[in-house]
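I have placed the structure first, in the form of structure tokens, so that the comments after it can refer back to it.
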Amino acid sequence: AVVSTQSCHYGREPFQNLLDEKADEWDPALGMVENLATILDLELPSKPTEEDSAICIECGVCYCYEMMDQIPEVSCNNETCKQLYHVDCLVEWFRGLPDVRHSFGTVFGECPYCSKPMHIQAVL
């Protein structure tokens with residue numbers, strides 16, 4: 001697996017070095033988040049439970065409500081998930097998927113939380 005921290009600018013080198021050193025520990029049976037948490041020895045944020053918040057209005061990718069005057073406006077269609085996302089964040093997430101598809105301005109991928117298929121109107 002190839003993981004790049006190219007879009008990160010601050011403090012990137014230590015993480016990239018760890019990824020390079022421990023690349024052989026990447027487990028294809030695990031998801032990206034689990035592998036990164038293991039290799040980087042980090043506790044990454046997880047999806048809030050109902051106990052944490054009755055209504056989650058933050059973006060499920062960047063964990064922010066407002067980003068460049070945009071609020072999360074795309075939600076997962078899965079009734080048990082319904083996680084919200086900024087369009088730009090979801091497009092970037094989809095770009096990182098190995099099986100992303102796009103056709104006539106529609107991008108098809110999987111929800112970052114529940115892995116159910118979803119799509120958005122956007123151009124890659």
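Amide H contacts for Glu110 (H built 1.01 Å from N in the peptide plane; partners 5 or more residues away or on another chain; cut-off under 5 Å): Met118. Note on Leu84: accessible area approximately 40 square angstrom, rounded to 10, probe 1.4 Å, nucleic acids and ligands left out.
In this view, the solvent-accessible surface of Phe108, computed with a 1.4 Å probe and all protein chains in place, comes to about 70 Å². For region 62-124, the carbon plus sulfur part of the accessible surface works out to 53%, probe radius 1.4 Å.
The values are calculated or read from the model by the stated rules, or taken from the named source; none is laboratory data. All figures in this text were calculated on a predicted structure; none of them were measured in a lab. Remember, those area values only see protein heavy atoms, side chains included, never the ligands or the DNA or RNA. Shrake-Rupley method; radii C 1.70, N 1.55, O 1.52, S 1.80 Å.
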